[in-house]
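Contents: one structure, followed by commentary.
Just so it is clear, none of the values below were taken in a lab; they were calculated from the coordinates. A quick note: this is a predicted structure, and the numbers were derived from the prediction, not measured. Positions of Cβ are backbone-derived with ideal geometry, glycine not excepted, and every protein chain shown enters the neighbour counts.
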């Protein structure tokens, strides 16, 4: 009986640990893509002679909204910063009261003309 419980918990750690790694990878990818979208939007404006950073914020937020992943968009000095967090339900660890795992992503993009 003890061995069976240990095997189930080990399987839970492996399976749900993989869920957490997958969530973190997805959160990171979405944060990076949102930061890139914001940077590209601002670069287009900069090439046209405008330095409106609001467009970068709006584009990054629009990307997040379209992905369905919650996150924040803001500035950290002269860099656009995006953070995301994805929560997924556990498959096996819910047996011991761990109902979900989270993955977090962060990305920054330097804006054109910010230096």
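How many of the residues in the range 54-91 are out of contact with any strand residue (DSSP E or B) (no Cβ under 7 Å at 6 or more places or on another chain), over 16 Å from residue 31 (Cβ atoms) and without any contact (Cβ under 8 Å) to a residue 60 or more places away in the chain?
4
Being surrounded by fewer than 18 Cβ atoms within 10 Å (Cβ to Cβ) and in contact (Cβ under 8 Å) with a residue 60 or more places away in the chain is the filter; apply it to the range 34-43 and report the residue that is nearest to residue 98 (Cα to Cα).
Looking at residues that are surrounded by fewer than 18 Cβ atoms within 10 Å (Cβ to Cβ) and in contact (Cβ under 8 Å) with a residue 60 or more places away in the chain, I get 36.
Select from the range 1-13 the residues that are farther than 21 Å from residue 104 by Cβ, out of contact with any helix residue (DSSP H, G or I) (no Cβ under 6 Å at 6 or more places or on another chain) and part of a helix (DSSP H, G or I) and list them in ascending order.
Those that are farther than 21 Å from residue 104 by Cβ, out of contact with any helix residue (DSSP H, G or I) (no Cβ under 6 Å at 6 or more places or on another chain) and part of a helix (DSSP H, G or I): 2, 3, 4, 5, 6, 7, 8, 9, 10, 11.
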